[in-house]
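To start, the structure under review is shown below, and the notes come after it.
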Amino acid sequence: MDTQDIVRTPLVFGRSKELYLDYNGLITIPNLTANTSLQKLYLDYNKISKIAGLDGLNLSLLDLGNNRIFRIEGLDGLTNLEMLFLSYNKISKIEGLSNLSKLKRFDIYGNKISKIEGLDGLNSLKRFDIYGNRISSIEGLDDLTDLKVFFAANNEISRIEGLDGLTDLQMLNLNFNKIPKIEGLDGLTNLEVIYLKNNKISKIEGLDDLTNLQWIYLNGNQISPNDPGIMQLKERGIEVYL
């Protein structure tokens, strides 16, 4: 069956729970509505430009990474979705997620997003990766009260802020941004790992409340090896990487 046949013909895979259609040169999502047992669908590394035709499926995982998608849409019926991968597309806005209240992981790194928004109601989200976009401000995270891992490296962020309600956060990655100061982390007592490599930080501060911190990565900043904060962290048993 060639690529065009896959696109046009309704595909039936019996009681299969996982389906891999990656690297098939697909330009649209095939007709899979007869596959009511399907839970995990991998459509990454194709040429798909629009999310459509998924109504009636009961997916827990959808991978559409490395395609040509411009807009997040066509997901309203996937109310049991737990993992959504949309990395390396052409998306410029986070939207179309309001029905995905069970979503636990959302990867949208390597797109063209300039603002964190459209996450309202995603209270089950535990991992959010927006690495390699055009974000300049940390915002729009208030509803993500269960979030444990937040990746926002390789953006244009100039200040640590907007994290106040993320009290379950365990890992924070803000590598390769434009941050000059460690701040905005008060109350995040469950944080275990912080990545702040290659920013513009010149002083270790703002970490006193982080009673569970185990590792902090500060390589590629402007911190003096004689900064008194280094010894203070080491006395608390925290691994410091400069």
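We did not get these values from a lab; they are worked out from the coordinates using the rules stated. Since the structure is predicted, the reported quantities are computational estimates derived from the model, not experimental observations. Cβ coordinates were reconstructed from backbone atoms using ideal geometry, including for glycine residues, and neighbour counts include every protein chain displayed.
Using the count of nearby Cβ atoms within 10 Å as a rough guide to exposure, how do 19, 242, 32 rank from fewest to most?
Details: 19 18, 242 15, 32 21.
In increasing order of surrounding Cβ atoms, one gets 242, 19, 32.
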Indicate the gyration tensor shape class of region 114-242 (rounded, prolate or oblate), computed on the Cα atoms with a ≥ b ≥ c the square roots of the eigenvalues: a/c under 1.5 is rounded; otherwise a/b larger than b/c is prolate and the rest oblate. oblate
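When a/c is below 1.5 the answer is rounded, else prolate if a/b is larger than b/c, else oblate, so apply that to the chain with a ≥ b ≥ c taken from the square roots of the Cα gyration tensor eigenvalues. Before the final figure, lay out the partial values.
Values: a/c = 2.71, a/b = 2.30, b/c = 1.18.
Prolate.
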Contour minus Cα-Cα distance for residue 205 and residue 143 (0.36 nm per residue): 19.6 nm
Treating only the Cβ of Lys, Arg, Asp and Glu as charged (+1, +1, -1, -1), what charge dipole size does region 98-141 show about its Cα centre? Round to the nearest 20 debye. 180
Could you grab the relative contact order for the chain? Cα pairs under 8 Å, six or more apart, rounded to a whole percent. 9
